[in-house]
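Any read-out appearing in this document is the output of simple, stated calculations on the displayed coordinates, not a laboratory observation. Computed from a predicted structure; not experimentally measured. Reconstructed Cβ throughout: ideal geometry from the backbone, glycine too, with neighbour counts over all protein chains shown.
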Amino acid sequence: MASEQPPRVSAPKEKAAGAAAVASSLNHVLRSAGAAQGAKALLGLNQVDGFDCPSCAWPDPDDHRAKTEFCENGAKAIASEVTLRRADREFFARYSVTELREQSDYWHDQRGRLTEPFVLRENATHYEPISWDDAFALIAKELISLPTPDQGIFYTSGRASNEAAFLYQLFVRHFGTNNLPDCSNMCHESSGAALKASIGIGKGTVTLEDFYEADTILCIGQNPGTNHPRMLSALETAVENGAEIVAVNPLREAGLLGFAHPQKISGLFNKATPLASQYLQVRINGDFALLRALGKELFLRENARPGSVLDKEFISQHTRDLESYRDMCEASSWDDLVTKCAVSREKIEALADTVLRGKKKLITCWAMGLTQHRNAVATIREIANLHLLIGAIGRPGAGLCPVRGHSNVQGDRTMGIFEKMPEAFLSSLDKEFSIKCPRAHGHDTVNAIHAMHRNPGQVFIALGGNFLQAAPDTDFTASALENCRLTAHIATKLNRSHLYTGEVGLILPCLGRSEHDEQRSGPQFVTCENSMGVVQRSKGRLDPASPELRSETYIISRLAETTLADRTSIDWQKFRNNYDHIRETIERVVPGFENYNERARKDGGFYLPNGAKDRSWDTQDGKAHFSAAPFDQFEVCEGHLILQTLRSHDQFNTTVYGLNDRYRGVGLGRRVIFLNPEDMKDRGITPVGLVDITSYWQEEERTLQAFYAIPYEIPRGSAAAYFPEANPLVPIDSTALGSNTPTSKAVEISIRPSST
Ligand code: SF4
């Protein structure tokens, strides 16, 4: 369905934040929550005695926290959570599921908080209330009836706390399956796979302090202005301390160009600190070629002046396989590399100068712009190669920084949310609980969708998230969900996933991060792990949106108790009564959590061990590994374009807070596609004209009609559109090699003036 009106288009901004960010934050908070509720929530956000922002995973300062330790998007997330609006029993009585499907994601979010459990019974048209006891009994009955536990699919979104995630995976494995797909499968799985192979740990190696000491910061395939806005203050401080920032991104993004810090007087007057001193607009999927070209240039310089580039001592002591990487770089032709990345040789040389400046204190940051490509794992390993070459890892001011998109996505993985957890974790779980965890690998997200599609009658349970809108190939995913016997979602608000149900659908409303969590032993807190491996507590302070809400840990433990019944000797009630007991068991099962309860109570939390930070490599041979992947680039047919999906500024993951993309100059519309003006001219497409988009995958075609074409500064042959609107174009079977992440950043498309 097209936007009713064409979007309002203006010139993209050249800097992020400033007074407009403050105005936007206030507007969202006041409109949704009112002054009193909004202020109470914001004053607790990211405070040591408050609650963790449920939005991105950017870390908080270890020591000093400002009173307003949040960004515009954190404020929007909280405004959305503490809204005074309610999606209650009257609401669900009024709208049928069919009518709700007709509404936009933005409209769904605006309906407010869910107030009690709801069920959509077989052949019913409307959701209706159901008691908690009946809801648990219904799920348990369906799970027990499955022919095998492997017909249960248990999804997790990155908002779940450590405590909830640990209990959830314990329940699922005790039930008998490793089917634990999560949102990480769709975002940083490629980073985890690449880093584990290169440096022995699938996590980043830097802290905030490293940013302040860096000489050079590379931001590749990442848009901090919208996706992790407080990173801009770290980048600003880095620049003030003398660091040079290089942006590598197909689109020009305000948040990489400059930052007007809204908590400084100068920033409020829109005076910005320039950020990227070099902006390399690679063509989409040109990153591998660019990084390989950079490697080639560094070897050339080393050959010309031995000892000037390579950190030979580090390489000989800590790494292996340098030679094969060097051979690969030397065998690549300059012409080929330059054409493939669409960055000139001169700019690559300037990039090499910057990487080698100062004491080679280099940090490389990246996000979905790298991870959602067929060659994502190989590309991220090229980044690791670069750091290993100059020894820019495991020392102050240097290291690798995959920037995680959801607040506890890293912690959930640490807690065991993974379809193929290592044997050490599983045997530790067995020992702690006297159970036998299954060893066969479970389904990741893409395989889970296929399994639901293939085998009718499965049970799908989601701990948070909006599975349908986060997943690729929306129509295929919707029919997979509809093929289930039962779908159940633990959620704070209504979303589209709740409207494509199995024969029976359930919505189980839970507490938000900002809300008091009172259990039998008294008030509880939970813990989360941020993008830099810091675990800290989060304690809500607002009254729950409804007395019928339950905490995620409560819901999971009741579900486990009801489903496993006399098959379990685990005291689930003890866990939900007092979360300290959950942390006591985590401490015994997961390395790095010694004295968990004590350290979680310390303001600012604690860092998890990270061998690579100390140059200790958890690989089979104890060395960091160069990779020598053959050159691989996504190519499309003549006349076709490569489409990437992305977020608008009024959006966090799949949650749409508003209809504006302020930095890119698009207002009141989301059904848009950003195109190079020359590509538009070639196809007879006028600015803000309507186009149809067709994607191609093997013999398959998928078409979306009526998107507004926006001329934008993007390389020729590249295009971008918002998700989830463009997700129906992403083929389910197009995934990254080595991580199975959907390739949402590289979809072959053609466009033509719309037929509608
Ligand atoms: S940077 Fe991320 S975690 Fe921090 S306030 Fe903004 S959205 Fe929340």
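When both the stretch 93-170 and the stretch 558-622 are represented by their alpha-carbon centers, they are found 27 Å apart. Computed from backbone phi, the HN-Hα couplings of the stretch 591-606 come to x, x, 10, 4, 6, 4, 4, 5, 6, 5, 7, 6, 4, x, x, 8 Hz, rounded to whole numbers (Karplus: 6.51 cos²θ - 1.76 cosθ + 1.60, θ = phi - 60°; Gly and Pro given as x). Candidate cross-link partners of Lys40 among the lysines, defined by an alpha-carbon separation under 18 Å and a same-chain spacing of 8 or more, comprise Lys67, Lys76, Lys539.
Computed over the stretch 604-680, the Cα gyration tensor eigenvalues convert (square root of 5λ each) into semi-axes of 40, 26, 9 Å, ordered from largest to smallest.
Given the Cα-Cα distance of Ser324 and Ile144 and 0.36 nm per residue of separation, how much length would full extension add, in nm? My answer for the length gained is 59.5 nm. Only Cα sites of the stretch 545-647 enter the Debye sum here, all with the same form factor; the resulting log10 I(q)/I(0) across q = 0.11, 0.13, 0.15, 0.17 1/Å is -0.75, -0.84, -0.89, -0.95, listed in q order. Put simply, when 590-598, 214-222 are sorted by average Cβ atoms within 10 angstrom per residue, most first, you get 214-222, 590-598. As a ratio to 2.2 N^0.38 Å, the alpha-carbon radius of gyration computed for the stretch 156-198 takes the value 1.32.
Measuring r between the beta carbons of Arg101 and Arg305 and using R0 = 60 Å, the FRET efficiency lands at 0.40. Can you tell me how the stretch 39-174 classifies by the Cα gyration tensor, rounded, prolate or oblate, using a/c under 1.5 as the rounded cut? Taking the square roots of the gyration eigenvalues as a ≥ b ≥ c, the stretch 39-174 is oblate. Calculated [222 nm] ellipticity per residue, helices only, for the chain: -10000 deg cm²/dmol; basis is -39500 (n - 2.57) per DSSP H run with n ≥ 4, divided by all residues, nearest 500. Partners of Lys264 within straight-line reach, counting aspartates and glutamates whose Cα lies under 19 Å from its Cα and excluding those fewer than 8 residues away in the same chain: Glu14, Asp60, Glu69, Glu72, Glu236, Glu240. Legend: ranking of residues Lys623, Lys340 from fewest to most surrounding C-beta atoms inside 10 Å; resulting order Lys623, Lys340.
Taking the alpha carbon gyration tensor of the stretch 189-402, multiplying each eigenvalue by 5 and rooting it gives semi-axes of 27, 19, 17 Å, largest first.
For the chain, the convex hull drawn through the C-alpha positions has a volume of 145 cubic angstrom per residue. Each peptide in 436-449, 529-542, 566-579 gets a packing score, the mean of other Cβ atoms within 10 Å over its residues, and the list from highest to lowest is 529-542, 436-449, 566-579. Histogrammed with a bin width of 5 Å, the alpha carbon distances of the stretch 126-269 distribute as 2, 7, 11, 13, 14, 12, 8, 8, 8, 8, 6, 3, 0 percent, first bin at zero.
For the stretch 641-753, the Cα gyration tensor yields ellipsoid semi-axes of 21, 19, 12 Å (square root of five times each eigenvalue, largest first, whole Å). Each residue in Phe91, Phe460 was given a count of other beta-carbon atoms within 10 angstrom of its own, and listing them fewest first yields Phe91, Phe460. Using the Kirkwood radius built from alpha carbon pairs, what does the Stokes-Einstein equation give as D for the stretch 8-81 at 25 °C and 0.890 mPa s, in µm² per second? Using the Kirkwood radius from Cα pairs, D works out to 186 µm²/s.
Packing-based ranking of 361-373, 42-54 yields 361-373, 42-54, ordered from highest to lowest mean Cβ neighbour count within 10 Å.
Ignoring lysines fewer than eight residues from Lys623 along the same chain, the ones with Cα atoms less than 29 angstrom from its Cα are Lys196, Lys203, Lys296, Lys312, Lys359, Lys360, Lys361, Lys420, Lys613.
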